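One structure is given here, and the rest of the page talks about it.
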Amino acid sequence: MPAPKKPKLAVWKFSSCDGCQLQLLCCEDELLQVADAVEIAYFLEATRAQVRGPYDISLVEGSVSTPEEAERIRKIRRQSKILISIGACATAGGIQALRNFKDVDGFINAVYAHPEYIETLATSTAIRDHVDIDFELRGCPIDKGQLLEALSALLNGRRPNVPTHSQCVECKLMGTVCVMVAHGTPCMGPVTQAGCGNLCPSFNRGCYNCFGPKETPNTASLSAWFAKLGMDQRSIKHFYRSFNTNAPAFRRESEAHDKT
């Protein structure tokens, strides 16, 4: 009796730094188990070998920033049974979405000697803004534990168990003293989804919102606390304009402070 075919896994890159793809390679001890459970059909970070689709699972890193990418993601969606967007670029446009607030043509004309050769979109947007997705993993970069959980869950026909609560819950569970209450350090933890393992607060630094907005974030309340800590409108705006600047909740709150 022939062995059952392994599910085909493809990993795709769009506008990004490759950091989220590399998290799969950083799984180290678990990587061989992943490779044994799936057929890695397309993953240029790891191998030049390419297997034609369709694919059972596609992991997509990066934002859609060019006309070519807008067309390519539609093609990948048609070839993929399950499509997962991974990382802040793929789920919220990434740091490059700062262009969404400005005149992109002005940047191109200022930077490039021959702007007529540059083909780009006016915005950098998430994968879900262009095609339907089946799941998303947040983070800059994503957490390898959450990646393994997502792959395990989807290969076994269940929904991944990824937290949607705030970073503050993680601080409480880890026994980390609140840096905003104890030291007056501005922290995005109350509105940021957990996932980093309580990294920055455990080193007495405020959260930088690497994992994007948590479920139903009260950004207006947090901004009011920032103002009480002495932050001006421009500084508050910039707190929301980082890795997940185009996430709807963060974009709206940043625009509410966009006076400079």
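With respect to Leu148, is the statement that it is assigned by TED's automatic domain parsing to the domain that holds Gln23, in contact (Cβ under 8 Å) with a residue 60 or more places away in the chain, farther than 24 Å from Cys27 by Cβ and part of a helix (DSSP H, G or I) true?
No, not satisfied.
Has the range 108-121 got any residue that is in contact with a strand residue (DSSP E or B) (Cβ under 9 Å, 6 or more places away or on another chain) and either assigned by TED's automatic domain parsing to the domain that holds Pro67 or exposed (fewer than 14 other Cβ atoms within 10 Å of the Cβ) (or both)? Full working, then the answer.
First, the residues of the range 108-121 that are in contact with a strand residue (DSSP E or B) (Cβ under 9 Å, 6 or more places away or on another chain): 121.
Now restrict to residues that are either assigned by TED's automatic domain parsing to the domain that holds Pro67 or exposed (fewer than 14 other Cβ atoms within 10 Å of the Cβ) (or both): 121.
Scanning the range 108-121, I find at least one residue that is in contact with a strand residue (DSSP E or B) (Cβ under 9 Å, 6 or more places away or on another chain) and either assigned by TED's automatic domain parsing to the domain that holds Pro67 or exposed (fewer than 14 other Cβ atoms within 10 Å of the Cβ) (or both), so the answer is yes.
State which residue is surrounded by the fewest Cβ atoms within 10 Å (Cβ to Cβ) when the search covers only the range 220-246 and only residues that are of a type in the set (Ser, Thr, Tyr) and assigned to a loop (DSSP other than H, G, I, E, B). Explain how you work it out, then say what you get.
Just the residues of the range 220-246 that are of a type in the set (Ser, Thr, Tyr), to begin with: 221, 223, 235, 240, 242, 245.
Right, trim to assigned to a loop (DSSP other than H, G, I, E, B) and you get 242, 245.
Working: Ser242: 18, Thr245: 25.
Checking each candidate, the answer is Ser242.
Can you name the residue in the range 160-184 that is more than 20 Å from Ile142 (Cβ to Cβ) and touching a residue at least 40 places away in the same chain (Cβ under 8 Å) and is also nearest to the chain's Cα centre (by Cα) among such residues?
Of everything passing the filter in the range 160-184, Met180 is nearest to the chain's Cα centre (by Cα).
Would you mention how many residues in the range 38-54 are surrounded by 13 or more Cβ atoms within 10 Å (Cβ to Cβ) and part of a loop (DSSP other than H, G, I, E, B)?
5
Tell me yes or no: at least one residue of the range 221-238 is under 26 Å from Ser65 (Cβ atoms), in contact with a helix residue (DSSP H, G or I) (Cβ under 8 Å, 6 or more places away or on another chain) and of a type in the set (Gly, Ala, Ser).
Within the range 221-238 (the criterion being under 26 Å from Ser65 (Cβ atoms), in contact with a helix residue (DSSP H, G or I) (Cβ under 8 Å, 6 or more places away or on another chain) and of a type in the set (Gly, Ala, Ser)), the answer is no, since none of the residues qualifies.
Quick check on my filter: what residues within the range 185-219 are in contact (Cβ under 8 Å) with a residue 24 or more places away in the chain, of a type in the set (Phe, Trp, Tyr) and surrounded by fewer than 23 Cβ atoms within 10 Å (Cβ to Cβ)?
Within the range 185-219, just Tyr208 meets the criteria.
Can you pull out every residue in the range 55-82 that is surrounded by fewer than 17 Cβ atoms within 10 Å (Cβ to Cβ) and either in a loop (DSSP other than H, G, I, E, B) or touching a helix residue (DSSP H, G or I) at 6+ places or on another chain (Cβ under 8 Å) (or both)?
The answer is Thr66, and nothing else.
So in the range 247-260, with the set limited to residues that are assigned to a loop (DSSP other than H, G, I, E, B) and of a type outside the set (Ser, Thr, Tyr), which one is surrounded by the most Cβ atoms within 10 Å (Cβ to Cβ)? Lay out the reasoning, then the answer.
Here is the first cut: in the range 247-260, the residues assigned to a loop (DSSP other than H, G, I, E, B) are 247, 257-260.
Going one step further and asking which of them are of a type outside the set (Ser, Thr, Tyr), we end up with 247, 257-259.
Details: Ala247: 24, His257: 21, Asp258: 14, Lys259: 8.
So the residue we want is Ala247.
Mind listing just one residue for me: the one in the range 1-37 that is crowded, with 17+ Cβ neighbours inside 10 Å and in a loop (DSSP other than H, G, I, E, B) and, of those, modelled with the lowest pLDDT?
This residue is Cys27.
Which one of these does Asn161 not meet: (1) under 23 Å from Leu22 (Cα atoms); (2) modelled with pLDDT under 95; (3) surrounded by 12 or more Cβ atoms within 10 Å (Cβ to Cβ); (4) outside the structural domain of Ile95 (by TED's automatic domain parsing)?
All conditions pass for Asn161, except number (3).
Could you identify the single residue in Pro190, Pro186 that is assigned to a helix (DSSP H, G or I) and at pLDDT 95 or above? Before the answer, list the steps.
Working: Pro186 fails: assigned to a helix (DSSP H, G or I).
That would be Pro190, the only listed residue that is assigned to a helix (DSSP H, G or I) and at pLDDT 95 or above.
Filter the range 83-112 down to residues that are assigned to a helix (DSSP H, G or I), over 17 Å from Arg251 (Cα atoms) and more than 15 Å from the chain's Cα centre (by Cα), then give me how many there are.
Result for the range 83-112: 8.
The values are calculated or read from the model by the stated rules, or taken from the named source; none is laboratory data. Not measured: the values here are computed from a predicted model. Here the Cβ is made from the backbone with ideal geometry for all residues, glycine too, and neighbour counts use every protein chain on show.
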